[in-house]
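Okay, structure first, notes after.
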Amino acid sequence: MDKNTENLTIAAIEILYNASKAFAMDDQDYVPCNMCLSHDGKLILSCSKQEPTNGVLVILKGEQYDLHIIGDSKPIDAQSPYVSRYKKYFPDEINISQLVEISPVKYVMHDKNNNEVDIDSLDIINIFSGEVEDRMTEHMNDDHVDAMRDYCNFASIEINEDDPLMLGVDPHGFDLLVNNQPRRFQFNNKCETPQQVREALVDLAKRART
């Protein structure tokens with residue numbers, strides 16, 4: 001992978017993780033959806049219909065690029081762990097009966113002039129999923145609320161009432177729930193181990209406090 005392609009891949013990952021809103025094709029219209037990622041790289045969307053569909057198009061908007069994701073969708077069972085993960089990210093959403101999972105089969109990136117940009121397949125599977133991620137988020141929520149408030153201040157995110165809550169951690173960054181809205185924070189470098197995550201969080205806290 002050359003450096004240019006690598007940068008485009010990173011840009012696509014940033015769009016994917018930063019998108020709190022997605023747009024899915026539904027009966028030839030683009031319908032706004034809430035979105036979060038599952039542990040295993042699937043998109044979890046609340047859409048306007050649940051029928052299994054092949055070739056679903058999801059568009060994520062970025063500042064310089066748009067990421068188009070083509071995949072297959074299927075309804076999520078009420079007992080699925082995806083449901084509890086979605087509820088963490090969108091606690092105020094009452095109706096989750098139309099939740100679907102989308103397994104991406106193709107990624108296409110466009111610039112703002114609608115030119116297609118070459119991009120490799122994205123690796124968005126969370127290697128920290130399960131107990132490792134749970135331990136990290138519980139530790140931050142129990143012991144490091146002040147650090148999370150500093151992260152928000154550093155990113156110019158106003159905190160209205162409740163303290164930030166860490167929702168998830170992955171190799172590329174972490175998600176906080178702030179004012180009942182999921183907010184994405186990127187690491188400067190991809191983290192391969194929990195120790196690297198800890199070092200990245202400590203480094204961010206230090207930069208936020210200087």
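Taking residues in the stretch 51-73 that are assigned by TED's automatic domain parsing to the domain that holds residue 17, and partners anywhere that are buried (at least 19 other Cβ atoms within 10 Å of the Cβ) and small (Gly, Ala, Ser), the pairs with Cβ atoms closer than 6 Å and at least 6 places apart or on different chains are 53/73; 56/71; 56/73; 58/22; 58/24; 60/19; 60/22; 67/12. Determine if the stretch 87-103 includes at least one residue that is out of contact with any strand residue (DSSP E or B) (no Cβ under 9 Å at 6 or more places or on another chain), among the aliphatic types (A, V, I, L, M) and either over 22 Å from residue 18 (Cα atoms) or surrounded by 13 or more Cβ atoms within 10 Å (Cβ to Cβ) (or both). There is at least one residue in the stretch 87-103 that is out of contact with any strand residue (DSSP E or B) (no Cβ under 9 Å at 6 or more places or on another chain), among the aliphatic types (A, V, I, L, M) and either over 22 Å from residue 18 (Cα atoms) or surrounded by 13 or more Cβ atoms within 10 Å (Cβ to Cβ) (or both).
Being in a helix (DSSP H, G or I) and either β-branched (Val, Ile, Thr) or within 15 Å of the chain's Cα centre (by Cα) (or both) is the filter here; which residues of the stretch 177-205 pass it? Break it down stepwise before answering.
Taking the stretch 177-205 first, the residues in a helix (DSSP H, G or I) are 194-205.
Listed by number, the residues that qualify are 197, 202.
The values are calculated or read from the model by the stated rules, or taken from the named source; none is laboratory data. Everything quoted here is computed from the prediction, not taken from an experiment. All Cβ positions, glycine included, derive from the backbone under ideal geometry; neighbour counts span all protein chains shown.
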